[in-house]
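Everything below concerns the one structure shown next.
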Amino acid sequence: MVTRSIECEDCGMVASLAIGQSINRSKLGWYQSTRCENCGMGIEADDEGLPPKDIRNQIIELNGRWGLSILVEDSQRLEVYKILRCALNITMEELRQMKQRMSDVVYTGTKTEMEWLCNRLSQFGIDSSVLPQNNDEDARSIDINDLLSC
């Protein structure tokens with residue numbers, strides 16, 4: 001969870017904003033909560049899938065970018081492709097590009113998103129890990145936000 005102070009939209013005083021992501025029953029979710037102690041204003045929002053771009057960008061800005069590394073033998077590759085294709089609803093073209101990255105980080109995003117994918121793979125006995133990444137152009141070019149429209 002990321003918490004920071006913002007200006008209250010109603011009274012102009014300091015309000016708190018909390019944003020985050022979670023994994024609930026194998027589903028990725030996000031939430032946002034705004035509270036003002038001065039006037040009592042409160043706003044809550046949540047949904048399944050990826051958060052809106054502005055919320056997601058704040059999470060990455062404050063918690064860093066993370067990558068999914070898959071340690072798999074050739075005999076398990078087909079299963080990995082099926083699992084990730086289903087989880088991310090990727091096209092055959094993206095699947096081809098992802099195959100070329102199998103010896104390195106295959107996707108990046110928030111830590112929770114990469115943990116979600118890691119958990120999905122581990123349900124099928126696939127060994128993977130979540131690693132911190134630089135937030136550079138290479139890492140941003142394989143961001144799952146460009147794949148999912150949840």
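The values are calculated or read from the model by the stated rules, or taken from the named source; none is laboratory data. Note that the coordinates shown come from a computational prediction; the quantities given were computed from them, not determined experimentally. With ideal geometry, Cβ positions are generated from the backbone for all residues, glycine too; neighbour counts draw on all protein chains shown.
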Those residues of the range 90-131 that are modelled with pLDDT under 90 and either under 15 Å from LYS27 (Cα atoms) or among the acidic types (Asp, Glu) (or both) come to a total of 1
Is it the case that the range 34-42 has a residue that's among the β-branched types (Val, Ile, Thr) and in contact with a helix residue (DSSP H, G or I) (Cβ under 9 Å, 6 or more places away or on another chain)?
no
Please report, ordered by residue number, the strands (runs of 3 or more DSSP E) entirely within the range 35-150 with at least 2 residues that are crowded, with 16+ Cβ neighbours inside 10 Å.
65-71, 105-109, 127-133
